[in-house]
Amino acid sequence: MRAGLLQLSVSDDPAANLPVTRDFIRQAAAGGAGFVLTPECTNLLSSDRAHQRAVLHHEDDDPTLAALRAEAADLGIWLLIGSLGLKTHDADGRFANRSFLIAPDGGIVARYDKIHMFDVDVSETEKYRESEGYRPGTRAVLADAGWAKIGMAICYDLRFPQLFRRLTQGGAQILTVPAAFNDTTGAAHWESLLRARAIENTAFVLAPAQCGTHAAHGGKPRRTHGHSLAIAPWGEVLADGGSDPGVTLVDLDLNRVTEARARVPSITHDRTFEGP
């Protein structure tokens, strides 16, 4: 299977972002990709809650989701929509940060709501409280695409190895980590964490990313790290999307998962223990 990782630099305008995303998906498919992945926040990147309420939709009537499902069907590809910001019916009005796996007929095979919220102080002047606007998911999701079992995660989930271990022990051969990774933490940790998740789980890791400076409706524009990565089960970087928007193609041989797990069967060696 050839995979195509999309690297985007979205604004906070879903209508403006959609045609760019569709063009890149078509480029990936034209390059032979049967599995195309978009990053976290495919429809918009914004921390302005009022603006989000004005432009976001519920899943059933979200125009980005509908258009990308149609695109997958038209092209006959598997599509991982890294995530969309969506309205929910929660009493507190918080949104969902939701990833979708779309089949070649346009059907939704799996949904995953980001579990770990990015509530961090990168510096004294750069602070994030994702949980103020988005409510965390509560369920790990392993999707069966027929040709592979895919464990779904999103961005900050990357720092929680227990999630990936659970997915791998459930049978995941590919771990997806679509992200809008912070520029500062990305330079320090992005590649190291992705390689660690691949190595310790002897699985492919596919991580399409946002990049650059993101135009914002008021407030301070955000910067993301880019460098969409494809990592092999032995930990080597197969492809790096660099720092600009575009499409990165990589060929996946799932026999490499089987071979790596035969050499170092660590996913069968977990033990329970006491303490501290």
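Entry comment: accessible area of the chain is 43 Å² per residue, from protein heavy atoms only and a probe of 1.4 Å. When the chain is treated as a GNM with alpha-carbon contacts under 10 Å, the residue of 113, 12, 105 showing the greatest mean-square fluctuation is 105. You can think of it this way: the chain between residue 70 and residue 55 has 3.3 nm of extra reach, that is 0.36 nm per residue less the Cα-Cα gap. Excluding same-chain neighbours fewer than eight residues apart, the lysines reachable from residue 114 by a Cα-Cα span under 17 Å are 87. Heavy-atom accessible area, probed at 1.4 angstrom with all protein chains present, ranks 147, 78 as 147, 78, highest first. Residues 121, 74, 13, ordered by accessible area of protein heavy atoms at a 1.4 angstrom probe radius and largest first, appear as 74, 121, 13. The slack between residue 254 and residue 266, meaning 0.36 nm per residue of separation minus the straight C-alpha distance, is 2.5 nm. With the simple model of a label 7 Å out from the Cα in the direction of the Cβ, residue 147 to residue 13 spans 3.6 nm. Considering only 166, 139, 195, the mean-square fluctuation computed in a Gaussian network model of the chain, springs between alpha carbons under 10 angstrom, is largest for 139.
Once you reduce the range 171-230 and the range 87-158 to the center of their Cα atoms, the two points are 14 Å from each other. Along the chain, the exposed loop sites are GluC sites (Glu not before Pro) outside DSSP states H, G, I, E and B with at most 14 other Cβ atoms within 10 Å, and the longest stretch free of them is 1-123. Full extension of the chain between residue 236 and residue 131 yields a length gain of 34.4 nm, computed as 0.36 nm times the residue separation minus the alpha carbon distance. With only the Cα atoms considered, the range 165-244 has a convex hull volume of 90 Å³ per residue.
Pairs of C-alpha atoms in the range 1-159 farther apart than 22 Å represent 40 percent of all such pairs.
Please get the size of the charge dipole for the chain, origin at its Cα centre, with Cβ charges of +1 on Lys and Arg and -1 on Asp and Glu, quoted in debye to the nearest 20. Once rounded to the nearest 20, the dipole reads 440 debye.
The values are calculated or read from the model by the stated rules, or taken from the named source; none is laboratory data. Here the structure is a predicted model, which is why all the values come from computation and not from measurement. Ideal geometry is used to build each Cβ from the backbone, glycine not excepted, and the neighbour counts take in all protein chains shown. Heavy atoms of the whole protein, side chains included, go into the accessibility calculation; ligands, DNA and RNA do not. Shrake-Rupley method; radii C 1.70, N 1.55, O 1.52, S 1.80 Å.
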